[in-house]
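First up is the structure itself, then whatever we jot down about it.
The values are calculated or read from the model by the stated rules, or taken from the named source; none is laboratory data. Nothing here was measured: the structure is a model prediction, and the numbers come from that model. Don't worry about glycine lacking a Cβ; one is built from the backbone with ideal geometry, like all the others, and counts go over all protein chains shown. For accessibility, only protein heavy atoms count, side chains too; no ligands or nucleic acids. Shrake-Rupley method; radii C 1.70, N 1.55, O 1.52, S 1.80 Å.
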Amino acid sequence: MELKVDGRRVHAATGGRPLEAGKPMVVFVHGAGCDHTVWQLPARWFAWHGHSALAVDLPGHGRSEGPPLASIGDMVRWVGALLDAAGVKQAAVIGHSMGAAIALEAAAGMPERVTRVGLVGTAAAIPVHRDLLSAAKEEPERAYQMMTAWAHGTSAKMGGNPAPGMWMTGGTLALFARNQPGVLHTDLEACAAWKTGPEAANKVRCPALVIIAANDIMTPPKAGRELAGLIAGGRAVTIEDCGHMLPAEAPDALLDALIGFFAPARADAR
């Protein structure tokens with residue numbers, strides 16, 4: 001579907017079903033250099049199992065008009081405007097990597113609107129290597145290659161893909177290559193400048209789940225566990241044999257973790 005947020009066109013996938021008033025909303029937020037397509041499986045599952053789903057393209061990403069937003073704080077404010085544009089008062093927010101930083105800050109800053117938060121492949125800080133920042137600005141194609149190499153676990157680099165016939169790392173490289181000029185660099189600068197993760201984590205009061213990839217070298221498992229420990233009542237789940245790109249490498253395990261996280265809410269609704 002298409003929405004207008006801050007006067008610009010925004011694209012959001014709805015999992016194959018229209019939004020329905022009265023159903024609990026789940027908003028999915030992608031990571032740096034990605035778009036809504038990373039959330040196809042969970043968005044579809046939730047849309048067909050009692051929820052409405054919005055898997056968004058952040059400004060300047062995918063099919064959404066730019067420019068990209070320059071800070072995590074700007075992206076959090078944009079999420080609030082997105083909910084307004086969709087006519088949604090409250091939503092669960094699930095994010096991956098940079099998207100999880102946005103989700104964390106949204107849960108801390110908009111407690112009356114964020115009902116639960118899922119934080120996938122992230123940490124309380126997301127430092128970015130200076131060589132990657134430089135490449136993203138000066139040689140984007142090299143940055144896409146670096147990101148693809150670092151973001152995947154060993155089995156993915158050997159050709160493993162849950163979907164037969166699909167090329168795991170090639171697909172991720174193509175995903176990054178779809179970026180408009182300057183988008184990845186802007187995203188990575190925003191991640192590097194984000195310093196308020198621990199403070200935000202301490203403010204979260206809604207149910208929170210941190211989903212950790214056992215072989216993640218971009219946001220290591222130790223950092224994920226530390227993030228969960230900063231959140232009151234925060235839970236952590238580790239998914240084995242995958243790297244930072246959990247939505248691509250372990251889509252079924254990721255979905256199972258999310259379903260389990262939402263199960264108490266579904267039981268309460270009956």
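Counting only protein heavy atoms and using a 1.4 Å probe, what share of the accessible area of the chain belongs to carbon plus sulfur, as a whole percent?
For the chain, the apolar C and S fraction of the accessible surface comes to 54 percent.
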Over all directions, segment 1-123 yields a Cα convex hull whose mean projected area in nm² is 6.5 nm²
Given chymotrypsin sites (Phe, Trp or Tyr not before Pro), DSSP loops and at most 15 other Cβ atoms within 10 Å, the longest exposed-site-free stretch of the chain is 49-166
Alpha-carbon Debye profile of segment 94-190, log10 I(q)/I(0) at 0.15 Å⁻¹: -0.72
Average projected area [Cα convex hull, segment 75-124], square nanometres: 3.0 nm²
Among T154, T14, T172, which one shows the highest mean-square fluctuation when the chain is modelled as a Gaussian network with alpha-carbon springs under 10 Å? T154
About its Cα centre, how strong a charge dipole does the chain have in debye, to the nearest 20, once Lys and Arg get +1 and Asp and Glu get -1 at the Cβ? 620 debye
Using each residue's phi in segment 222-232, evaluate 6.51 cos²θ - 1.76 cosθ + 1.60 at θ = phi - 60° and report the 3J(HN,Hα) Karplus result to the nearest Hz, with x for Gly and Pro. 4, 5, x, 5, 5, 4, 4, x, 7, 9, 4
Taking the alpha-carbon distance from K137 and a cut-off under 15 Å, which aspartates and glutamates remain once sequence neighbours fewer than 8 residues away in the same chain are dropped? D187, E189
Sorting G15, I102, G153 by the position of each Cα along the dipole of the chain (Lys, Arg +1; Asp, Glu -1; all at Cβ), the one nearest the positive end of that ordering is G15
How big is D, in µm² s⁻¹, for segment 187-270 by Stokes-Einstein at 37 °C and 0.692 mPa s if Rh is the Kirkwood radius over C-alpha pairs? 234 µm²/s
Along its principal axes, what span do the Cα atoms of segment 123-236 show, with the longest given first and each in whole Å? 40, 34, 20
Which value in Å does the Kirkwood hydrodynamic radius of segment 17-62 take, with 1/r averaged over all unlike C-alpha pairs and then inverted? 10.9 Å
Do any trypsin sites (Lys or Arg not before Pro) in segment 1-104 lie in a loop, going by DSSP, with at most 11 other beta-carbon atoms within 10 Å of their beta carbon, and if so which? K89
Selection from H244, H49, V120 lying farthest towards where the dipole of the chain points positive, charges on Cβ: H49
